[in-house]
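Taking it in order: structure first as C-alpha cells, then the write-up.
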Amino acid sequence: RIVSKVALPKKKIVPKLSNIQGWLSGASLSGEVDADTLGTVAIVAHYDSFGVAPGLAHGGDSNGSGVAALLEIARLFSGLYGSDDAKAPYNIVFVLSAAGHINYSGSREWLANSDVQLLDSIEFALCIDSIGMGDKVFMHLSKPRKSKAIKKVLNAFSVAAKRVGVDFETVHKKINLVEP
C-alpha cells in the first residue's frame, strides 16, 4: 500500500530555453565573401551543468569544459576570420544550447527554429561535451568520413591529440533527430 499526503499533483514547469548563437562568414577560394553559397561548420556545446537526476550532473565537466572549448575556438577563429586572406571557404556557426541533460531540449529547439537554408548548408557538426574527464577523447560522427575535408579535419584532431599525449578515437554513430 502506498500513501501520499499530496492532495493534488503539481504541474511541472518547463523552463524557458535560451540558446546562444554566433556566426563567422567564410570566403570562397577566390577571396569573395559569399556566405550564402558556402558550406557551414557547426560547433555546438550545451551550457547547463545540472541534471534532473543528480547522478547525471558532473559539475564543471558537464559541460563547462565543452563551453570553455567552444569559446576558445570561437576566439581563435574570430581572429583568423578578421582578415579576408585568412578566411576559410566555410562559414562557422557557434551554438551554446540549453537543457543538455533534459534530452538535449535546447539543441532540439535550435534545430526546430533555425533557418532551413542554414541547416541544409551544414557539412560538419562538432558537438563538444564533457572533455575534461578521462584520458581519452571520443569523436562521434553521424556520417562516415568520406569527404576529403572531413578526413583532413579528423587527421588534424588526431595529430593534435597525439602531440599532447591524448588517445583520440572516432566512433561512427548515425544520429536520428526524430527519435525522442
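What to note about this one:
- Within segment 61-93, tally of residues that are within 16 Å of the chain's Cα centre (by Cα), of a type outside the set (D, E, K, R) and either assigned to a helix (DSSP H, G or I) or within 19 Å of A149 (Cβ to Cβ) (or both): 14
- Among residues of segment 104-136, those that are closer than 16 Å to S62 by Cβ and either touching an Asp or Glu at 6+ places or on another chain (Cβ under 7 Å) or open to solvent by less than 40 Å² (accessible area, probe 1.4 Å) (or both), counted: 7
- Scanning segment 79-103 for residues that are in contact (Cβ under 8 Å) with a residue 40 or more places away in the chain and either among the aromatic types (F, W, Y) or open to solvent by 60 Å² or more (accessible area, probe 1.4 Å) (or both) yields Y81, D84, D85, Y90, F94, N103.
- Residue among S121, S142, S130, S97 that is within 30 Å of K162 (Cα to Cα) and at pLDDT 90 or above: S97
- Residue selected from segment 37-48 under the condition assigned to a loop (DSSP other than H, G, I, E, B) and modelled with pLDDT of 75 or more, by the criterion nearest to S62 (Cα to Cα): Y47
- Flag for V171 being aliphatic (A, V, I, L, M), farther than 24 Å from T40 by Cα and open to solvent by less than 80 Å² (accessible area, probe 1.4 Å): no
- Filter pass, A156 being open to solvent by less than 80 Å² (accessible area, probe 1.4 Å), modelled with pLDDT of 85 or more, touching a strand residue (DSSP E or B) at 6+ places or on another chain (Cβ under 9 Å) and at negative phi: no
The values are calculated or read from the model by the stated rules, or taken from the named source; none is laboratory data. Keep in mind it's a predicted model, so treat the numbers as computed, not measured. Cβ sites come from the backbone with ideal geometry, for glycine too, and all protein chains shown count toward neighbours. The area values use the complete protein model at the heavy-atom level, side chains included, leaving out ligands, DNA and RNA. Shrake-Rupley method; radii C 1.70, N 1.55, O 1.52, S 1.80 Å.
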